[in-house]
Amino acid sequence: MNAMTVRRLTGYLGAEISGINLNNVSPFEVTSIRKAFLEHQVVFFPGQKLSADAFAALAEKFGEIDSPHSGLDKHPDNTKVMLVTARASKGGKN
């Protein structure tokens, strides 16, 4: 992959991070991701493929994982991962 890049998405919130493989991040990349998150508050990683176990392992590089919220479903392959999905509203639109 190319070198990691951070691209601001709006004037106030959000950035896209590319040029990184989230299945194999270095300590330097973890520090860079943390810095981008603190600056932009929301970060997106397009095109990444992570198993539930790999997702949990990545999250643990940033700190202890909180217990899943009781109102959300847990991933069947790793209960540390919550499933968040869009549901149709009463009007039938998401």
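Here are some notes:
- Residue tally, condition among the basic types (Lys, Arg), over 28 Å from GLY19 (Cα atoms) and at pLDDT 80 or above, over segment 48-94: 1
- Residues being out of contact with any strand residue (DSSP E or B) (no Cβ under 6 Å at 6 or more places or on another chain) and on the phi > 0 side of the Ramachandran plot - total across segment 2-37: 1
- The number of residues in segment 1-55 being touching a Ser or Thr at 6+ places or on another chain (Cβ under 8 Å) and under 20 Å from ASN78 (Cβ atoms) comes to 1.
- Enumeration of residues in segment 38-48 that are touching a residue at least 12 places away in the same chain (Cβ under 8 Å) and either closer than 21 Å to ALA3 by Cα or in contact with a strand residue (DSSP E or B) (Cβ under 6 Å, 6 or more places away or on another chain) (or both): GLU39, HIS40, VAL42, VAL43, PHE44, PHE45, PRO46, GLY47, GLN48
- Residues (surrounded by 13 or more Cβ atoms within 10 Å (Cβ to Cβ), among the acidic types (Asp, Glu) and over 23 Å from LEU83 (Cα atoms)) located in segment 21-56: GLU29
- Boolean, HIS75 is of a type outside the set (A, V, I, L, M, F, W, C) and surrounded by 11 or more Cβ atoms within 10 Å (Cβ to Cβ): yes
- If the condition is being among the hydroxyl-bearing types (Ser, Thr, Tyr), under 19 Å from GLY63 (Cα atoms) and in a loop (DSSP other than H, G, I, E, B), then segment 1-48 contributes only SER26.
- Matching residues, segment 8-20, being surrounded by fewer than 13 Cβ atoms within 10 Å (Cβ to Cβ) and either within 16 Å of the chain's Cα centre (by Cα) or touching a residue at least 60 places away in the same chain (Cβ under 8 Å) (or both): LEU13, GLY19
- Some residue of segment 68-77 being without any contact (Cβ under 8 Å) to a residue 12 or more places away in the chain and part of a helix (DSSP H, G or I): no
- Single condition ALA57 does not satisfy, out of (1) assigned to a loop (DSSP other than H, G, I, E, B); (2) without any contact (Cβ under 8 Å) to a residue 12 or more places away in the chain: (1)
The values are calculated or read from the model by the stated rules, or taken from the named source; none is laboratory data. Just so it is clear, the model here is predicted, and its values are computed rather than measured. Every residue, glycine among them, receives a Cβ derived from its backbone with ideal geometry; neighbour counts consider all protein chains shown.
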